[in-house]
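To keep things clear, I will list the structure first and then write my remarks on it.
The values are calculated or read from the model by the stated rules, or taken from the named source; none is laboratory data. As the structure is a prediction and not an experimental result, all values here were calculated from the model. Backbone-built Cβ (ideal geometry, glycine too); neighbour counts: all protein chains shown. For the accessible areas, the whole protein counts, side chains as well, though only heavy atoms, and no ligand, DNA or RNA atoms are used. Shrake-Rupley method; radii C 1.70, N 1.55, O 1.52, S 1.80 Å.
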Amino acid sequence: MPLAISTVRHNLDAVIEQLTALGYKFDALNVSEKADWALEVRLDHAIAFVREKRGKKTSLQTALNDPDLSWIAEENIILPQRFYPHPQAPGILRRDPKAPAKIKAFETQTGLRVHKSLREWFVQCGAVDLSGSQPFLNPEHRFQALRIAPFEACAAGLSGSLLPLFPADPGCWKVDVATGALEDGRDVLDAVDQSLWWAGLAGWAQVGDAPERELAFVRRKLEGVK
Amino acid sequence: MANLLLARYLSGESASVWRDLAALGPVARMELYYADAVAVASETMKRARHNVELIVPRLETLGYEFNGYSPVFEPADASAAENLDEFEREIGGPLPLSLRYWYQHVGSVNWMGWHEALNPKNGPYCGDPLVIGPYRQAAEEAEKWCDGLPGAFDLWIAPDALHKNNTSGGSPYAMRIPDPSADAGLLYEWSTDTLVSYLRRSFEWGGFPEWKGNSAYPTKEIDYLKEGLLAL
């Protein structure tokens, strides 16, 4: 029986929290952005407009969630990092509030029914990228960390009924849309959770010199018995 | 909790252990690593002390003429740890572990001076003789340039290689403190080393690291100075 999505979500949040405490350097937070000045001006004006309407002390997060700024999500604009942790900001974990609608459109377009596990993942968790390094857990990026692209990016790579979960990497997990199973037969949520047991660095399961001290630190906050 | 880093250090992985510790940044202070990091820093600087105690009499044997501006070697005494605790309180934060344990186990050294082969007067080469000045004096110096302590400031721990040779040069070698990291950059030193890697290089060259990479180095003197030194 597949895991409850709430457990997976808890474990995902716990792994991110523990990795952060260990000084893990997430690649997603270490990208130098090219300034999009047109977007910056548009955002500045829109935020100023909302503050004029709702009061000068309206927080940035409140302003970004105002209906007058719904174009950010509608146009699928990725905000500059300074807006993190807004859902449309890049980062380690990005939940897409439009995921249910996107999945529905995908089902209509392809005639495929998206399995519950897969649907729950994209609705409750979304896109994740744990790539990064830490001297003991992932020295010099020794292992590829857990990463799953946003639903629409995965959908664009659909081949038959197989959905690549990180299309930019040809070796990524591929999941059967109808069964929610990976090519090795594991349910996608089980596979994610097993990866989280290794702090998102499943490669450690294959070698004998895993950093037990750091893994124990991460695992102390995980739910479920492996 | 087992001291995994210390075990690696003792087995000879000294450079990679310090590289890992430095990469941890302030995380080296978290409970998971702290005791281990302190054990490595302590072991490293006990080795440094051993090396200093070997080199000083050898320099005297070689007829090295110390400049005498400050003691050639002022060993840390039994109150060093307590004094450093107080200093860290005064500056509002910790010293990098490497610097802290240097002062706790070694003290201060000043090997500036002259020798016909190692550091010739008015010669074309400067050996960059090891100098780590007393932290109190360095902090007082820094206070003159900062708007009072605490607050992050550069602790000047040694003149740069040129000034050591009585020639106009650049900024003094410094460490920005407070800094909770295990090791940190030795600022204004040409190779932009951390303190530990600078000390390692220094002892590999008998206390005169600037000779590294110079084929004209004084082989006989350097080999004599570095004989039996412990690797950092």
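Restricting to region A:15-69, and then to whatever is within 14 Å of chain B (Cβ to nearest Cβ) and polar (S, T, N, Q), can you tell me which residue is surrounded by the most Cβ atoms within 10 Å (Cβ to Cβ)? Applying the filter and picking the extreme gives A:Q18.
Considering B:A152, B:A184, the condition of being surrounded by fewer than 16 Cβ atoms within 10 Å (Cβ to Cβ), farther than 23 Å from B:F66 by Cβ and touching a Pro at 6+ places or on another chain (Cβ under 9 Å) is satisfied by B:A152 alone.
Counting residues in region B:73-82 that are touching a residue at least 24 places away in the same chain (Cβ under 8 Å) and within 30 Å of B:A2 (Cβ to Cβ) gives one or more. Tally the residues that are more than 14 Å from chain B (Cβ to nearest Cβ), more than 16 Å from A:I5 (Cβ to Cβ) and in contact (Cβ under 8 Å) with a residue 24 or more places away in the chain, restricting the search to region A:182-217. Result for region A:182-217: 6. Of note, A:R95 does not satisfy the criterion of being open to solvent by 50 Å² or more (accessible area, probe 1.4 Å), away from chain B (no Cβ under 14 Å) and within 18 Å of A:W173 (Cβ to Cβ).
Condition first: more than 14 Å from chain B (Cβ to nearest Cβ) and open to solvent by 40 Å² or more (accessible area, probe 1.4 Å). Now tell me which residues in region A:142-152 satisfy that. Walk me through it before giving the result.
Going through region A:142-152, the residues more than 14 Å from chain B (Cβ to nearest Cβ) turn out to be A:143-152.
Passing the criteria: A:Q144, A:R147, A:E152.
Take B:K144 and decide whether it is of a type in the set (K, R) and modelled with pLDDT under 80. Walk me through it before giving the result.
Values: of a type in the set (K, R): yes; modelled with pLDDT under 80: yes.
Taking the combined requirement at face value, the residue satisfies it.
Pairs are defined by a Cβ separation below 6 Å, a sequence spacing of at least 6 or placement on different chains, a first member in region A:151-169 that is among the polar types (S, T, N, Q), and a second member that is part of a strand (DSSP E or B); the pairs so defined are A:S161/A:D176.
Would you mind finding the one in B:L99, B:L6, B:L32, B:L21 that is within 14 Å of chain A (Cβ to nearest Cβ), in contact (Cβ under 8 Å) with a residue 60 or more places away in the chain and in a helix (DSSP H, G or I)? Quick ask: steps written out before the conclusion?
On the way: B:L99 fails: within 14 Å of chain A (Cβ to nearest Cβ); B:L6 fails: in contact (Cβ under 8 Å) with a residue 60 or more places away in the chain; B:L32 fails: in contact (Cβ under 8 Å) with a residue 60 or more places away in the chain.
Answer to the selection: B:L21.
State yes or no: is A:L215 open to solvent by less than 50 Å² (accessible area, probe 1.4 Å) and not in a helix (DSSP H, G or I)? So A:L215 fails the test. Here B:E90, B:E82, B:E60, B:E53 are screened, and the one residue that is open to solvent by 40 Å² or more (accessible area, probe 1.4 Å), part of a helix (DSSP H, G or I), at pLDDT below 95 and more than 14 Å from chain A (Cβ to nearest Cβ) is B:E90.
What's the total number of residues in region B:164-219 that are in a loop (DSSP other than H, G, I, E, B), in contact (Cβ under 8 Å) with a residue 40 or more places away in the chain and aliphatic (A, V, I, L, M)? So the count comes out to 3.
Entry remark, region B:11-50: residues being open to solvent by 40 Å² or more (accessible area, probe 1.4 Å) and hydroxyl-bearing (S, T, Y) number 2 in total.
Do we have B:R89 as of a type in the set (K, R), within 15 Å of the chain's Cα centre (by Cα) and closer than 27 Å to B:G25 by Cβ here? Give the steps one after another, and end with the answer.
Values: of a type in the set (K, R): yes; within 15 Å of the chain's Cα centre (by Cα): no; closer than 27 Å to B:G25 by Cβ: yes.
No: the conditions fail for B:R89.
Across region A:107-141, the qualifying residues are those that are within 14 Å of A:L158 (Cα to Cα) and either within 14 Å of chain B (Cβ to nearest Cβ) or surrounded by fewer than 20 Cβ atoms within 10 Å (Cβ to Cβ) (or both), and the one among them that is farthest from the chain's Cα centre (by Cα) is A:G111. Every test in (1) assigned to a helix (DSSP H, G or I); (2) loosely packed, with under 14 Cβ neighbours inside 10 Å; (3) of a type in the set (D, E) is passed by B:D77 save one, and that test is (1).
Would you call B:S108 of a type outside the set (F, W, Y), farther than 16 Å from B:F203 by Cα, in contact with a Gly (Cβ under 9 Å, 6 or more places away or on another chain) and not in a helix (DSSP H, G or I)? No: the conditions fail for B:S108.
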